[in-house]
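Colleague: Would you mind keeping the following structure in view while I ask a few things?
The values are calculated or read from the model by the stated rules, or taken from the named source; none is laboratory data. Since we're looking at a predicted model, the values are computed, not measured. Using ideal geometry, Cβ is built from the backbone for each residue, glycine included, and neighbour counts are taken over all protein chains shown. The accessibility values were calculated without ligands, DNA or RNA, using every heavy atom of the protein model including side chains. Shrake-Rupley method; radii C 1.70, N 1.55, O 1.52, S 1.80 Å.
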Amino acid sequence: MSAKYPTIVKWGKESIEIQLDPSTGVSGLKSELQARTGVPMERMKIMPKSKGLWKGVLKDTADLSSLKLSAIKPPIQILMMGSATLPVEPVKKTVFLEDLAPEEAAKMVEPSGLINLGNTCYLNSVAQCLRVIPHLRDGLKNYSPSASSGGNQQQTQVHALLLKSLLSTFDTLDRSPAAISPNNLVMSTKMAFPQMAQTGPQGQPMQQDAEEFYSSIMGAAATEMRGDNVMRAAFHGEKCGAEELNGATNVIDAVFGLKMEETLTCDELSTAATAGDGGDKDAMDTTESNALVEPPVTTYDLHRKLVCNIQGGSDASSQVNITHLAEGIQLSLTGKLEKYSDALGRNAQWTRSQKIARLPPYMVVQFGRFYWKATPDSQDHAGVKCKVMKPVSFQGVLDTYEFCSDKVKKVLKVSRDKAAAEEEDRVAKKLRGEDDDDKKEGAAAMEAETTGDDEEDAALQAALAMSIAPETEPQGPVGPGLPADFQGLYELFAVVTHKGRDADGGHYMGWVKADNSDSRKADDKKREKIADTDEDNDDWFVFDDDEVSPCKTEDILKLKGGGDWHMSYLNFYRAKK
């Protein structure tokens, strides 16, 4: 094989880079230039610019292999003259969608849907939302049933079939440009959870609850996906040590789990203390001694989702009107209960307050749309399952700061204060008329005039600034896989909605955010915004079983409920970087 030499052909104002192959001769050189420029071979005049080449105009009979091209300093410089009269071949050959392999065609079209196999929309919608979570998929790829440490052998086999079917469904969706049938996933789901195999009077499959399916499959995966190998694979080498995991022993609890700090305080002792302020001293002393005997009870528990209580509080007597997601979450973290008091020697009223002690990289919020209503006067049934239709609004970003424990708040506050200071500085510069272009031009001018002494002065000033900067106490992690400057903000990326007034019927759909990574690189000023807001109007896809359609963020924010339209039931969030 003959050697090829990098060459630059100067043609008018254009510089064409080619690889000169002496073995193809002059005809081969001219043929390549004709294809690149459209200049006919008979009208070309090729002359040398580098020393050591031919003299004058290159003749068709010249022998390029006789030239000592290896002795010429690369790249070889050539000058070409001639007018283009022929069409130029495209640099990249046009390829039609029909000619692509199925897995390549799947990347060029909208995401594929899942065929409804008979009231399986609950499964299809949740699967489409879980499909775009890389931590879960990488954990499933490295999951091995033999490495499982939980459950009996039969249960492990059923769960392994379910998880393998879930991963296979994800991979098939990635490779297929058309909708696929989730036969294996539906079958393995009914095997693992027999309650989801219920049929109606006519033998048709009954509608199931999407949240119940999500919680069930998360529980099965948590039982099986244990071990260091699968944990490391799920987090791509990110920090997921014992300090970050903070008690999580499997992939599901590390990716979705929230460690909740629950505090119980006795209301009746507090009430006695308040009444004692205006009563006799003996009563107040007794109350104070009881308070010392019965301190608040603090326990820790693991949740795999937050709940937005739409009805207003966790106790039936509350009549708070909930209109926003944050209000519903806050109320679900508090409530009243009856518990035995050692100090009083009887049952008493206690206040329950929960805070987040560990944050996950992904967070799921369930809207409490469905509830059980007792019907004591009915002879046919003891109660009915009802649906709450009231609207509860939400935004594209969820701020969890107020839901966190004091320890977590202390860590988040460092990044939040830093971000707030940077934003104030940016606004101040904007008000002074300083923009990024002026800053760049000024920096370029300064760089052109910079000398060695100036660089030394700058280094000294930087060192001085670091020495006088206030020292910040090192903060521990608040969860695995979270960015170093995490502020407690979560970005909405998927939603499961329910349409219909029947809690045991209706229709579920999945709404998933498109890959907006390219648009995020653009200037914020050029990005499309929702009218009268600063929120980005990004691209989304709505999965109505096998039918997939594009939509926008403004369409997602309309899924708040209040009518017969689709209303959000499960919101999926990821840590915002």
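Colleague: If you go through the range 393-412 one residue at a time, how many are open to solvent by 20 Å² or more (accessible area, probe 1.4 Å), more than 21 Å from the chain's Cα centre (by Cα) and among the β-branched types (Val, Ile, Thr)?
Modeller: Residues meeting the conditions: 1.
Colleague: Does residue 349 satisfy the criteria of being in a loop (DSSP other than H, G, I, E, B) and open to solvent by 40 Å² or more (accessible area, probe 1.4 Å)?
Modeller: In short, no.
Colleague: Does residue 307 count as β-branched (Val, Ile, Thr), open to solvent by 50 Å² or more (accessible area, probe 1.4 Å), in contact with a helix residue (DSSP H, G or I) (Cβ under 6 Å, 6 or more places away or on another chain) and modelled with pLDDT of 75 or more?
Modeller: yes
Colleague: Ok, one more. Six or more apart or on different chains, Cβ under 9 Å: which pairs go from a residue in the range 488-500 that's within 25 Å of residue 404 (Cα to Cα) and polar (S, T, N, Q) to one that's open to solvent by less than 10 Å² (accessible area, probe 1.4 Å) and not in a strand (DSSP E or B)? Could you list them?
Modeller: none
Colleague: Further question on the same structure: For the range 543-563, enumerate the residues that are part of a strand (DSSP E or B) and either in contact with a His (Cβ under 7 Å, 6 or more places away or on another chain) or hydrophobic (A, V, I, L, M, F, W, C) (or both).
Modeller: Correct list: 543, 548, 551.
Colleague: Just for the range 80-91: of the residues that are within 18 Å of residue 19 (Cβ to Cβ) and either surrounded by 11 or more Cβ atoms within 10 Å (Cβ to Cβ) or not β-branched (Val, Ile, Thr) (or both), which one is modelled with the lowest pLDDT?
Modeller: 89
Colleague: Please find, within the range 166-198, the residue that is modelled with the lowest pLDDT out of those that are closer than 18 Å to residue 504 by Cβ and not in a helix (DSSP H, G or I).
Modeller: Within the range 166-198, the match that is modelled with the lowest pLDDT is 198.
Colleague: Also: Within the range 420-439, can one find any residue that is over 30 Å from residue 561 (Cβ atoms), modelled with pLDDT under 55 and in contact with a helix residue (DSSP H, G or I) (Cβ under 7 Å, 6 or more places away or on another chain)?
Modeller: no
Colleague: Looking at the range 413-422, is at least one residue in contact (Cβ under 8 Å) with a residue 40 or more places away in the chain and open to solvent by 100 Å² or more (accessible area, probe 1.4 Å)?
Modeller: yes
Colleague: Now for a separate question. Starting from the range 317-341, take each residue that is farther than 26 Å from residue 570 by Cβ and modelled with pLDDT of 90 or more and list its partners that are not acidic (Asp, Glu) and not in a strand (DSSP E or B), counting only C-beta distances under 6 angstrom and pairs at least six apart or across chains.
Modeller: none
Colleague: Scan the range 36-49 for residues that are surrounded by fewer than 13 Cβ atoms within 10 Å (Cβ to Cβ) and either more than 17 Å from residue 6 (Cα to Cα) or of a type in the set (A, V, I, L, M) (or both) and jot them down.
Modeller: Result: 42, 45.
Colleague: Being closer than 30 Å to residue 493 by Cα and among the hydroxyl-bearing types (Ser, Thr, Tyr) narrows it down to one of 300, 340, so name that one.
Modeller: Just one listed residue meets the conditions, 300.
Colleague: Determine whether residue 221 is open to solvent by less than 10 Å² (accessible area, probe 1.4 Å), over 24 Å from residue 543 (Cβ atoms) and small (Gly, Ala, Ser).
Modeller: no
Colleague: Sticking with this one: Tally time: how many residues in the range 378-392 are surrounded by fewer than 14 Cβ atoms within 10 Å (Cβ to Cβ) and not in a strand (DSSP E or B)?
Modeller: Residues meeting the conditions: 6.
Colleague: Another question, then. Which one of these does residue 201 not meet: (1) closer than 23 Å to residue 505 by Cα; (2) in a helix (DSSP H, G or I)?
Modeller: (2)
Colleague: Oh, and also: Considering the range 199-218 alone, what residues qualify as being open to solvent by 20 Å² or more (accessible area, probe 1.4 Å) and either over 32 Å from the mean Cα position of the chain (by Cα) or more than 17 Å from residue 569 (Cα to Cα) (or both)?
Modeller: 199, 201, 202, 203, 204, 205, 206
Colleague: Please specify each residue of the range 50-71 satisfying the condition of being surrounded by 12 or more Cβ atoms within 10 Å (Cβ to Cβ), over 16 Å from residue 24 (Cα atoms) and not hydroxyl-bearing (Ser, Thr, Tyr).
Modeller: 52, 53, 54, 57
Colleague: Under 8 Å between Cβ atoms, at least 6 apart or on separate chains: pull out the pairs that start in the range 541-553 with a residue that is more than 14 Å from residue 115 (Cα to Cα) and open to solvent by 50 Å² or more (accessible area, probe 1.4 Å) and end on any residue that is part of a strand (DSSP E or B) and of a type in the set (Asp, Glu).
Modeller: As it stands, the answer is 550/539; 552/539, since those pairs meet every condition given.
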